[in-house]
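J.: Handing you this structure, nothing more for now.
The values are calculated or read from the model by the stated rules, or taken from the named source; none is laboratory data. Note that this is a predicted model, so its numbers are computed, not measured. Please note: Cβ atoms are built from the backbone with ideal geometry, for glycine as well, and neighbour counts cover all protein chains shown. What goes into the accessible areas is simple: the full protein's heavy atoms, side chains included, and nothing from ligands, DNA or RNA. Shrake-Rupley method; radii C 1.70, N 1.55, O 1.52, S 1.80 Å.
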Amino acid sequence: MAKYWSRPAAEALKADGLRIADLDTSATPGFSGDKAMGLGLLAERATLLSGLQEKLYANGRSGDKRSVLLVLQGMDTAGKGGIVRHVIGSVDPQGVDHAAFSVPTPEEKRHHYLWRIRKALPRGGQLGVFDRSHYEDVLVVRVHNLVPPAEWEPRYDEINAFERELVDEGITLVKVAMFVSLDEQKRRLRQRLERPDKYWKFNPADIDERAYWPAYQDAYQAMVDRTSTAYAPWHVIPADRKWFSRLAVTELLIDALETLKLDWPSAKFDVEEELRRLDKA
């Protein structure tokens, strides 16, 4: 176990029995260190994560079909983009399949909601990242009544079956739900409005969405309660402290990759013969 963790992050952050409305979004569950310790550990663990991801990629190049998929869900400003930049950014981009799911395109709307998800699944040996995901179809769709309850209600069971299929195919799922407080979200939105280099991140609709906060909490609670399974559990991360959320996701990915028990693929050629050939070249 990494230092400063009283118990593994995968255990400390598991959503079992958690009431999202009661979540302390500034907490650091399972972690006893302060920010300086967390940042130091993050740098250290990023090196380990990078090495494990390289092994995954190397095995994929050698025919291994297994992969890891990080699913990031959270309200605007929860820090999903920061995870992609600062955590996934520490590994080899050749081994990353990244997809950001926004409002469905006209073509996507003509298909089943999982159609665009299936198209973006990570290839063998890849670390996949979903910035938002199929869960938008039981979150935004539910909160804004985009389809009737009779249509979105069965999706929980459908998603569970879909994820069971992915796991059976060799995809390890790391599902992360990130939560900030209303006050912290307001601070981050204000920062985007006060800094010209952040204008591009601001969407006026983000302010409108704040009015739906209680409805989103209910939707997220249902999502966690209905789709956290033994084979694809949800992990809930208090995200007011960016350093902690990044460290937590790093630890979850390390745990997932270590569970695969990867080793470097063996050579598919005669090493000694190739060395002799090289000496003569």
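J.: Which pairs turn up if I take residues in region 1-24 that are in contact (Cβ under 8 Å) with a residue 40 or more places away in the chain and look for partners that are among the polar types (S, T, N, Q) and outside any loop (DSSP other than H, G, I, E, B) with beta carbon separation below 9 Å, at least 6 apart in sequence or on another chain?
T.: From residues that are in contact (Cβ under 8 Å) with a residue 40 or more places away in the chain, the pairs are 9/250; 18/221; 19/221; 20/217; 20/221; 21/217; 21/221.
J.: Could you count how many residues in region 225-248 are among the charged types (D, E, K, R) and more than 14 Å from residue 25 (Cβ to Cβ)? Give the derivation first.
T.: Step one: of region 225-248, the residues among the charged types (D, E, K, R) are 225-226, 240-242, 246.
Next cut, more than 14 Å from residue 25 (Cβ to Cβ) only: 225-226, 246.
Looking only at that region, the number is 3.
J.: Looking at region 20-33, can you tell me whether even one residue there is part of a helix (DSSP H, G or I) and either farther than 30 Å from residue 190 by Cα or touching a Cys at 6+ places or on another chain (Cβ under 6 Å) (or both)?
T.: Checked region 20-33: no residue is part of a helix (DSSP H, G or I) and either farther than 30 Å from residue 190 by Cα or touching a Cys at 6+ places or on another chain (Cβ under 6 Å) (or both).
J.: Okay, next question. Here are some conditions: (1) of a type outside the set (A, V, I, L, M, F, W, C); (2) in contact (Cβ under 8 Å) with a residue 12 or more places away in the chain; (3) open to solvent by 40 Å² or more (accessible area, probe 1.4 Å); (4) under 27 Å from residue 3 (Cβ atoms). Residue 62 meets all but one. Which one does it not meet?
T.: (4)
J.: How do the pairs read when you match residues in region 186-203 that are without any contact (Cβ under 8 Å) to a residue 40 or more places away in the chain and of a type in the set (Phe, Trp, Tyr) with residues anywhere that are open to solvent by 80 Å² or more (accessible area, probe 1.4 Å) and in a helix (DSSP H, G or I), using Cβ under 9 Å and keeping only pairs 6 or more apart or on different chains?
T.: 199/193; 202/193
J.: Please specify each residue of region 109-129 satisfying the condition of being over 19 Å from residue 63 (Cα atoms), outside any loop (DSSP other than H, G, I, E, B) and open to solvent by less than 100 Å² (accessible area, probe 1.4 Å).
T.: Those that are over 19 Å from residue 63 (Cα atoms), outside any loop (DSSP other than H, G, I, E, B) and open to solvent by less than 100 Å² (accessible area, probe 1.4 Å): 115, 116, 117, 129.
J.: Kindly establish whether residue 260 is open to solvent by 20 Å² or more (accessible area, probe 1.4 Å) and in contact (Cβ under 8 Å) with a residue 40 or more places away in the chain.
T.: Considered against the rule, which asks whether it is open to solvent by 20 Å² or more (accessible area, probe 1.4 Å) and in contact (Cβ under 8 Å) with a residue 40 or more places away in the chain, residue 260 comes out as yes.
J.: Tell me, which residue of region 96-122 that is in contact with a strand residue (DSSP E or B) (Cβ under 6 Å, 6 or more places away or on another chain) and not β-branched (Val, Ile, Thr) is nearest to residue 73 (Cα to Cα)?
T.: Filtering first and then ranking leaves 100.
J.: Residues that are open to solvent by less than 40 Å² (accessible area, probe 1.4 Å), within 30 Å of residue 66 (Cβ to Cβ) and of a type outside the set (Lys, Arg): find the helices (runs of 4 or more DSSP H) completely inside region 137-214 holding 3 or more of those.
T.: Details: elements: 140-143, 149-152, 155-168, 182-194, 205-209.
Filter on region 137-214 gives 155-168.
J.: Considering only residues of region 16-53 that are in contact with an Asp or Glu (Cβ under 8 Å, 6 or more places away or on another chain) and surrounded by fewer than 17 Cβ atoms within 10 Å (Cβ to Cβ), which is nearest to residue 235 (Cα to Cα)?
T.: Once the filter is applied, the top-ranked residue is 26.
J.: All but one of (1) touching a helix residue (DSSP H, G or I) at 6+ places or on another chain (Cβ under 6 Å); (2) modelled with pLDDT of 95 or more; (3) among the hydrophobic types (A, V, I, L, M, F, W, C) hold for residue 161, so report the exception by its number.
T.: (1)
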